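Q: My structure is below; once you've seen it, I'll send some questions.
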There are 2 protein chains.
Amino acid sequence: MSDRTGLREADNGHAADHAYRLIRDQILSGQRSAGEWLREGELAESVGVSRTPVREALRRLTAEGLVRHERNRGVQVQAWSVHDLDEIFSLRSVLEPWGCRLAATTGTVDVAALDALAHRMDEVAPDGRPTDVDQLTELNNQFHRMILEASDNSRLAGVVSSVIQMPLVWRTFSHYSPEALRRSLAHHHELVAALTAADPDWAESVMRSHVRAAWHSIRPGHDM
Amino acid sequence: MSDRTGLREADNGHAADHAYRLIRDQILSGQRSAGEWLREGELAESVGVSRTPVREALRRLTAEGLVRHERNRGVQVQAWSVHDLDEIFSLRSVLEPWGCRLAATTGTVDVAALDALAHRMDEVAPDGRPTDVDQLTELNNQFHRMILEASDNSRLAGVVSSVIQMPLVWRTFSHYSPEALRRSLAHHHELVAALTAADPDWAESVMRSHVRAAWHSIRPGHDM
DNA sequence: GTCGGGTTGATTGCATGCAAAGACGCTGAT
DNA sequence: ATCAGCGTCTTTGCATGCAATCAACCCGAC
């Protein structure tokens, strides 16, 4: 471990966290393909730390479902099927509308911030054609997370984000048609309106439409 | 580490798993009280392994929310408030009825096994007075888990069980009045009936009643 | 040619040592 | 008496070495 400092640029001082973020990013960005074995030694070297914090990072990723752990064999990147996607989206289509309903009643949601996010997404994807898919994804995640956190049920937010990891690998928005993406962005504005009006039924049903539309946009063979 | 074998009785061969189970049981059984600090060294000695597998066990427990991890300070048993209980039960009152609805439609649920469980619970708690709270809790968990696993959505089952840990600490059934417990057991039989009839609406609404009744039975100050 | 057994190599799992960070108590100054 | 500064001591975080495990290969027997 010679020039460790050279490799740990954005290190906030903690090897395990650093390793976790690096490995996670490699998986989410697709640099590590599904089924690929992640060797502790190799990762340790590439991250610039010893195997111990790498092992800790891999255990966290295992708990989050991004990788699979086999005893005495190692860790491999989780493989995903269409059925997994169906499970996740059917779960989301229950949880997110409910969370959105709660957010509409608590009144703690920051509608101005939501509105700003919706407009920034419009800019990143003018006319339904995204210029930067990663940024669009990030903005979208912020939008949804912000609503769930206003639901005043921290476990709900945690559960949804733990389940959502996989669609991130799938790079959701790259599967959208321009029309589907325009509709998705319109939903965001409608959600802002419903939350501003503090109408739980409206908010819930728009979110349900939003999630189910997304489901059909992503599902292979249904690119509408 | 002298006579390690003497301490590892039910060891299936793997130190980290062993440590995990032991520590987890200590928390769930109440031997470790909320807020108590869990020292790696002490745990390692008591389990009979080194600190490394203990650390791994503690990280798993952290991911499951049973303990809290503070950087460079250690791990302490998670403390629970009534608000946490509310969060969990409101989540359950959305997820479990939905899972029960799904189970009623997939037709993969083993109603005979469910019926057997319901009757065994009757025996363990005749006239709403439990003879063995732990066994009753275990049977109840099996009952609910079996329904969720028949929902054909593995993530749903995972999410619910991850969220349910805390009521286990609370030792749910010891808070029930005889009347509430009798009602709870009756719900189980009604659930079996609804699932046998494969009626999604019936199944869903019984489960919703069941969860919300449980909520009121447990909530401090609402022992009806 | 195929199958079984043993052997080698790679990799994980665990134990241990050391360094760094925080908590506590002491001392001294105000 | 109170509080800042300092040193010690406990505890965690990380690195490293070694043992156990698994996979793949090779070789010999049938």
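The values are calculated or read from the model by the stated rules, or taken from the named source; none is laboratory data. Keep in mind that this is a model prediction, so the values were computed, not measured. Using ideal geometry, Cβ is built from the backbone for each residue, glycine included, and neighbour counts are taken over all protein chains shown. Please note that ligands, DNA and RNA were not included when accessible areas were found on the heavy atoms of the full protein model with its side chains. Shrake-Rupley method; radii C 1.70, N 1.55, O 1.52, S 1.80 Å.
Q: Placing +1 at every Lys and Arg Cβ and -1 at every Asp and Glu Cβ, with all other atoms neutral, what dipole size does the stretch A:4-77 have around its Cα centre, in debye to the nearest 20? Walk me through the numbers on the way to the answer.
A: Values: 13 positive and 11 negative charges, 50 e Å.
In debye, rounded to 20, the stretch A:4-77 gives about 240.
Q: Please give the charge dipole size of the protein assembly as shown, origin at the Cα centre, charges +1 on K and R Cβ atoms and -1 on D and E Cβ atoms. Round to the nearest 20 debye. Spell out each step's value before the answer.
A: On the way: 50 positive and 64 negative charges, 172 e Å.
Value, rounded to 20: 820 debye.
Q: Let me ask something else about it. In nm, one decimal, shortest first: how far is the label point of B:A213 (7 Å from Cα along Cα to beta carbon) from the matching points in the other copies?
A: Spacings between copies for this position, smallest first, are 4.1 nm.
Q: Go through the stretch B:79-107 and flag every residue whose accessible area shrinks by 40 Å² or more with all protein chains in place compared to the isolated chain (probe 1.4 Å).
A: Buried by the other chains: B:E87, B:L91, B:V94, B:W98.
Q: Ignoring any ligand, DNA or RNA, what whole percent of the accessible area of the protein assembly as shown comes from carbon and sulfur when the probe is 1.4 angstrom? Intermediate values should be presented prior to the final figure.
A: Details: 10230 of 20680 Å².
Roughly 49 percent of what the probe reaches on the protein assembly as shown is carbon or sulfur.
Q: What residues does the stretch B:133-168 have that are buried by at least 20 Å² of accessible area in the full protein assembly compared to the chain on its own, 1.4 angstrom probe?
A: In the stretch B:133-168, residues shielded by partner chains: B:D152, B:N153, B:R155, B:V159, B:V163.
Q: Also, quick follow-up: Placing a label point 7 Å from Cα toward Cβ, how far apart in nm is A:S33 from its equivalents in the other copies, listed shortest first to one decimal?
A: 5.7
Q: Relative contact order for the stretch B:1-136 using alpha-carbon pairs under 8 Å, separation at least 6, rounded to a whole percent?
A: Numbers: 100 pairs, mean separation 25.7, N = 136.
Here the relative contact order equals 19 percent.
Q: To continue, here is another question. Counting only trypsin sites (Lys or Arg not before Pro) that sit in a DSSP loop (anything but H, G, I, E, B) with at most 16 other Cβ atoms within 10 Å, what is the longest stretch of chain A containing none of them? Display every interim value, and only then the final one.
A: Numbers: sites that count: A:R39, A:R71, A:R73, A:R171.
Value returned for the longest uninterrupted segment is A:74-170.
Q: Rounded to whole Å and sorted largest first, what semi-axes of the equivalent ellipsoid does the C-alpha gyration tensor of the stretch B:4-77 yield via the square root of 5 times each eigenvalue? List each step's numbers first, then the result.
A: Values: eigenvalues 76, 32, 24 Å².
So the equivalent ellipsoid measures 19, 13, 11 Å along its semi-axes.
Q: List the distances, in nm to one decimal, from the label point of B:A79 to the label points of the same position in every other copy, shortest first, placing each label point 7 Å from Cα along the Cα-to-Cβ direction.
A: Counterpart label points of B:A79 in the remaining copies fall at 4.8 nm.
Q: Using only the alpha carbons of the protein assembly as shown, what is the convex hull's orientation-averaged projected area in square nanometres?
A: Numbers: hull surface 97.3 nm².
Value for the protein assembly as shown: 24.3 nm².
Q: Could you tell me which of A:G128, A:A112, A:V163 has its Cα farthest along the dipole of the protein assembly as shown towards the positive end, charges placed at Cβ (Lys, Arg +1; Asp, Glu -1), taken about the Cα centre?
A: Of the options given, the answer is A:V163.
Q: Provide a list, ordered by number, of residues in the stretch B:30-69 showing at least 40 Å² less accessible area with every protein chain present than when their chain is taken on its own, using a 1.4 Å probe.
A: B:E56, B:R59
Q: Heavy-atom accessible area per residue, the protein assembly as shown, 1.4 Å probe: how many Å²?
A: Working: 20680 Å² over 448 residues.
Accessible surface, normalised per residue, equals 46 Å².
Q: Can you give the Rg to Rh ratio for the stretch B:82-218, taking only C-alpha atoms and Rh from Kirkwood?
A: Working: Rg = 13.7 Å, Rh = 14.7 Å.
Rounded to two decimals, Rg over Rh is 0.93.
Q: Is there a quick way to get the dipole size of the stretch B:82-218? I mean about its Cα centre, with the Cβ of Lys and Arg at +1 and of Asp and Glu at -1; what is the value in debye to the nearest 20?
A: On the way: 11 positive and 19 negative charges, 41 e Å.
So the magnitude is around 200 debye.
Q: Looking at the axis that maps chain B onto chain A, which chain B residue has the closest Cβ, and how far off is it in Å, rounded to a whole number?
A: With distances in whole Å, chain B gives B:A63, 2.
Q: Summing both sides, how much accessible area is buried between A and B? Use a 1.4 Å probe and give Å² to the nearest 100.
A: Values: alone 11420 and 11450 Å², together 20680 Å².
Summed over both sides, the interface buries about 2200 Å².
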